[in-house]
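Single-structure report; data block below.
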Amino acid sequence: MSHPPKTRIDTAARVIQAPPSAIYQAFMDPESLVSWLPPEGMSARIDEFDAREGGTYQLTLTYEADPSYVGKTSDNTDVSRGRFLKLVPDTKIVTAGVFDSEDPAFAGEMTQTWYLEEVPEGTKVTIVSENVPPGIGKEDHDAGMNSSLGNLADFLENRQ
């Protein structure tokens, strides 16, 4: 009897000293999003962004720090296309995305849920990534999610 392959789930969380509404807005505004979402060593460009349930997006991430790194889509880029599955203002953002890649290790649709929970210190932001493609190393993914959360904290905490 064969068992279906297990899908990988990666998570990261951080308390950010900002209200949930500011975090939600930082995600929904494409100009803000490209300034904090790319992990350290990367930059981002939004090619398409229709932030509503059922709306679509396309994001291009470029590896700036290490030009020898081979991206999922081309020499130094990762292109992700997806859609907004659920948007609950100031509470939850759910997206489903796929990488443009000919490598089957990056195939499949990854669902990412951002939970925003108000706490005394601000907002606890938890990212849950489900069905993570096996080509994305767990350590790299954890580092990338934590880097994005750190960037979001810097982006919002330094504006107050």
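Values quoted throughout were computed directly from the atomic coordinates according to the rules given, and no laboratory measurement underlies them. Model, not experiment: these values are computed from the prediction. Note: ideal-geometry Cβ built from the backbone for every residue, glycine included; neighbour counts use all protein chains shown.
Below, the figures for the structure above:
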{"quantity": "Crossing angle, helix 138-157 versus the chain [Cα axis fit, 0-90 degrees, rounded to tens]", "calculated": "20 degrees"}
{"quantity": "Within straight-line cross-link reach of Lys92, aspartates and glutamates at Cα separation under 13 Å, skipping those fewer than 8 residues along the same chain", "calculated": "Glu53, Glu117, Glu118"}
{"quantity": "Compactness of the chain - radius of gyration and Dmax, Cα, Å", "calculated": "15.6, 58"}
{"quantity": "Under 15 Å from Lys138, Cα to Cα: aspartates and glutamates that are on another chain or at least 8 residues apart", "calculated": "Asp10, Glu130"}
{"quantity": "Given charges at Cβ of Lys, Arg, Asp, Glu: region 9-157 dipole, positive-most of Ile127, Gly108, Ile93", "calculated": "Ile93"}
{"quantity": "Whole-number percent relative contact order across region 9-157, with pairs defined as alpha carbons under 8 Å at least 6 apart", "calculated": "31 percent"}
{"quantity": "Cross-link partners of Lys124 among aspartates and glutamates (Cα-Cα below 13 Å; sequence separation of 8 or more within a chain)", "calculated": "Asp90"}
